[in-house]
1. Go ahead and set up a Gaussian network model of the chain, Cα springs under 10 Å, then flag whichever of 322, 292, 176 fluctuates most.
2. Looking at the chain as a GNM with Cα springs under 10 Å, which of 250, 381, 333 has the largest mean-square fluctuation?
3. How large is the helix-only mean residue ellipticity at 222 nm for the chain, computed as the sum of -39500 (n - 2.57) over DSSP H runs with n ≥ 4, divided by its residue count, in deg cm²/dmol to the nearest 500?
4. For the stretch 185-326, evaluate the Debye formula with one uniform point scatterer on each Cα (no solvent term) and list log10 I(q)/I(0) at q = 0.12, 0.18 Å⁻¹, rounded to two decimals.
5. Would you mind computing, in nm to one decimal, how far apart the modelled labels at residue 308 and residue 104 are, each placed 7 Å from Cα along Cα→Cβ?
6. Between helix 192-202 and the chain, what is the angle of the helix's C-alpha long axis to the longest principal axis, kept within 0 to 90° and rounded to the nearest 10?
7. Out of all DSSP beta bridges with both ends in the chain, state the antiparallel percent to the nearest 5.
8. Once each part is reduced to its C-alpha centroid, what is the distance from the stretch 35-113 to the stretch 180-213 in angstrom?
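Values in this text are rule-based calculations from the coordinates and carry no lab data. Everything quoted here is computed from the prediction, not taken from an experiment. Using ideal geometry, Cβ is built from the backbone for each residue, glycine included, and neighbour counts are taken over all protein chains shown.
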């Protein structure tokens, strides 16, 4: 215990061939000074010496030091369901609903424990975890912003769930706050969507919601028909005398007052130029989950329009029900190989922009003085120069070649 306390008070200077501060260009022969679990300074190794920062030097050699990744959207309590139909979104959604109904408390907690291990191995230091079960996971291996998600399109069901929702949000024995979230515009009653958002506003918290993930969602909200309606009817979840809002998801949420800079819209696949103008007007954040969309045979999000929009974009993996793993580096490689973004843009989306989207920009995803020292090192093979550096980093991370800096 005394040794641990001594190490906490000690300054460590971590040096590498490169450091990636993310919010400024890569630094060759870089170093990061760390004390008490926080970053003191990042710069060239010579700069730190000139500033008189003294401490135990740990030289990591040929490779890159960078902030740990931020996975802004994942459902960790969903285990890797096997043999799920993925030919279309609604068929898959039905299978997930039915599988989740069979999960025990022990299975949910074990799934979260396993997911945290996977995230750690993939270099993730912060995750936005969407929960449907009011259970606390005591086995967290990484930092977590925990969202408790509300569902209930039928008013009587929503009324019954509201007290459970509020009780879990406001319990005082949580180690960290629980953030309110809504599942989607098609699965929550229109009277409850603003209520959930109001809770988030009153607590000064981020509000998360799935938006425009599939064509089926647009069809249901515009016309009140299609595969989603059939599924809701089959499960007894469609309100009597249901009338669709006759709006696309983004204008519908805007009308209900749900879009603010503290709103995190997840997926945003089926959006158009007008939708993007609305999102710009309210300054929302957007989380892309490209491999999940691909797995479910959905369209790609309009990456060029989103890139030009100036909106804050970040990345998530979604769940193991629609993804092979929780490796955010692989999300970056996927988008890079689609020529959607540059490697440098993707690294920013997977770190600092993710932490900003989760309301944690002062703590994670950067090398700002005072930020938490959640750092990873990726060894690089060959003579990697500045031009190839970002690309080499995302491919190295996708192969799982990284270590945590202690």
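1. Answer for the Gaussian network model of the chain: 176.
2. Sorting by GNM fluctuation, first place goes to 381.
3. Counting only the DSSP helices, I get -11000 deg cm²/dmol.
4. Listed by q, the Debye log ratios stand at -0.49, -1.12.
5. In this crude spin-label approximation the distance works out to 5.5 nm.
6. It works out to around 30 degrees.
7. Around 40 percent of the beta bridges assigned by DSSP in the chain are antiparallel ones.
8. Computed from Cα coordinates, the inter-centre distance equals 24 Å.
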